[in-house]
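Reviewing the structure listed below.
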Amino acid sequence: MVYFAARMGRYWCFREHMSEKSNIQWTDASWNVVTGCSQVSPGCDNCLGPATLILMADMSWKEIELIKVGEHVVSFTESPALGQNRVYEVGVVASVWEAYKEAVEIHVGGRVIVAGDDHMFLTYTRPQWKKAGTLSLTSGIVDIGIPQAGADTNNLDYLDGYAAGAIKGDGAFRWQEGWRSDKKGFPQSYCRVAVLTDDAAILERIGCAFHAHGLIVPPIKAFDSGNNVRLRPMSKIETRALGNLAVIQSSICQERDAIQWKMGWLAGFFDTDGCYSGKNLRFTQKSIAPLMQVQRFAEELGFVVKVEDRSPDVCSAAILLGRLEDRIRFLSVIKPALTRKCTDFIGRRFPKT
């Protein structure tokens, strides 16, 4: 259901330049998967309230008043050619400005969008553009929805959860309370996460978790797995300091009720043991226990995950169910460090409802 009320105020607008993959080279329209389309002009007529959240290309949500020229946003085809479908695209912000004008307050999907009364929104069932001021209680807006909460990548709970998820995914952690490195008879104690060198953002985020606890942050180094077949270089972050290991076990990797910890854990586990294509977002591992954690944490965030327990010789999987838009929302909630693993929806069909 949609309803609106007129109000006055200051509003923000931006204009996009489409990516090279788009059929559109330059455009005098701005659009976003949440806020719809606006035909813009030097008079700056079609704008949004400053607190309106925009989905950025790195899968974060950002208030429109904070967006700057040159930043990348998630968009969709405004006017497809005859016989073509609208698809998700990436737009580059070419200009930003303010306006003071009459606007409407639209309540939809459990949230409020404030827009200029002539701001254009894509409506269904037969997709067409409508001005905000002409929407009614029977109007349906094409919308992928904004999550109620999202990851704060600077939050200590989130950083701890991320490190814990990454260690569970591609890490090795060998230490128990009472082990000593200065006495014979004790196994080697260490915590190590090794990834492709191109994915060093994972290691950097783990280092942030260590630093937040005042631990000695080990440098990122080259990693030799001993596998001569591997052609792509790998890097690692590794610590053998007993003080570090104690904190990693008792604090960082200790599951907690904080929702930010669970978001971080999902992001760390996704970056190391997850994958995404337009049709599937899945986590894979031979051990079923962490996949059950994925299911439990995802459900707390409002998503549905199915766990497929396979034979011992085949990796089991936890698969996120729902539409393409559910996968987009999930990734924007947990905020993985590897943006490259999040963008397979670009070029895929934009929804009609």
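Would you grab the residues whose amide H sits under 5 Å from the one on GLY145? Only those 5+ places off in sequence or on another chain, please, with H modelled 1.01 Å from N.
For GLY145, no residues qualify.
Along the Cα→Cβ direction, 7 angstrom out, place labels at SER287 and GLU300. What is the inter-label distance in nm?
Between SER287 and GLU300, the label points sit 1.8 nm apart.
Which far-off residues, 5 or more places away or on another chain, put their amide H under 5 Å from the one on GLU63, with H placed in the peptide plane?
Amide H neighbours of GLU63: ILE54.
How much FRET efficiency would the formula 1/(1 + (r/R0)^6) give for LYS352 and ALA201, where r is the Cβ-Cβ distance and R0 is 35 Å, rounded to 0.05?
That gives a FRET efficiency of 0.50.
Above 16 angstrom, tally the Cα pairs of the range 287-353 and express them as a % of all pairs, no decimals.
Taking all Cα-Cα pairs of the range 287-353, the fraction more than 16 Å apart is 55 percent.
Bin width 5 Å, origin at 0, all Cα-Cα pairs of the range 129-278: what percent of pairs per bin?
Result returned by the calculation: 2, 9, 16, 17, 16, 11, 8, 6, 4, 3, 3, 3, 1, 1, 0, 0.
Give the long-range amide H neighbours of TRP97: residues separated by 5 or more places, or on another chain, with amide H under 5 Å away, using H modelled in the peptide plane at 1.01 Å from N.
CYS13
Restricted to Cα positions, what overall size does the range 277-319 have along the principal axes? Three whole-Å values, descending.
So the extents along the principal axes, rounded to whole Å, are 32, 24, 10.
Can you run phi through the Karplus equation (6.51, -1.76, 1.60; θ = phi - 60°) for the range 233-247 and list ³J(HN,Hα) in whole Hz, with x for Gly and Pro?
For the range 233-247, the Karplus curve yields x, 10, 10, 9, 10, 9, 10, 10, 5, 4, x, 4, 4, 5, 5 Hz.
Once you have the alpha carbon radius of gyration of the range 99-185, what is it after dividing by 2.2 N^0.38 Å, with N set to its residue count?
Rg over 2.2 N^0.38 Å, computed on Cα atoms: 2.12.
Tell me, what HN-Hα J-couplings in whole Hz come from the Karplus equation 6.51 cos²θ - 1.76 cosθ + 1.60 at θ = phi - 60° for each residue of the range 121-131, using x for Gly and Pro?
After applying 6.51 cos²θ - 1.76 cosθ + 1.60, I find 10, 7, 10, 10, 7, 8, x, 8, 8, 10, 6 Hz.
Can you list which of the trypsin sites (Lys or Arg not before Pro) found in the range 295-328 are DSSP loop residues with at most 10 other C-beta atoms within 10 Å?
Here no loop site has a sparse enough neighbourhood.
So what are the radius of gyration and Dmax for the Cα set of the range 236-353, in Å?
When restricted to Cα atoms, the range 236-353 yields Rg and Dmax of 15.7, 56 Å.
Quick one: Kirkwood hydrodynamic radius for the range 64-125, alpha-carbon pairs, angstrom, one decimal?
Kirkwood radius, the range 64-125: 14.4 Å.
For the pair HIS213/TRP129, report the inter-label distance in nm, with labels modelled 7 Å from Cα in the Cβ direction.
So the two model labels end up 5.3 nm from each other.
Taking a probe of 1.4 Å, how large is the accessible area per residue of the range 88-229, in Å²?
51
When the accessible area of the range 216-299 is computed with all protein chains present and a 1.4 Å probe, what percentage of it is carbon and sulfur?
Percent of accessible area from carbon and sulfur atoms in the range 216-299: 53.
So if each residue of separation counts as 0.36 nm, and I subtract the Cα-Cα distance between LYS279 and ASP309, what length gain in nm does that give?
8.8 nm
How large is ³J(HN,Hα), in whole Hz, for each residue of the range 262-277 in order, when computed from phi with the Karplus curve 6.51 cos²θ - 1.76 cosθ + 1.60 and θ = phi - 60°, using x for Gly and Pro?
My calculation for the range 262-277 gives 5, 4, x, 4, 4, 5, x, 6, 5, 4, 9, 10, x, 8, 9, 10 Hz in order.
The values are calculated or read from the model by the stated rules, or taken from the named source; none is laboratory data. Keep in mind the model is a prediction, meaning the values are calculated, not measured. Cβ coordinates were reconstructed from backbone atoms using ideal geometry, including for glycine residues, and neighbour counts include every protein chain displayed. Surface accessibility is based on the protein's heavy atoms, side chains included, excluding ligands, DNA and RNA. Shrake-Rupley method; radii C 1.70, N 1.55, O 1.52, S 1.80 Å.
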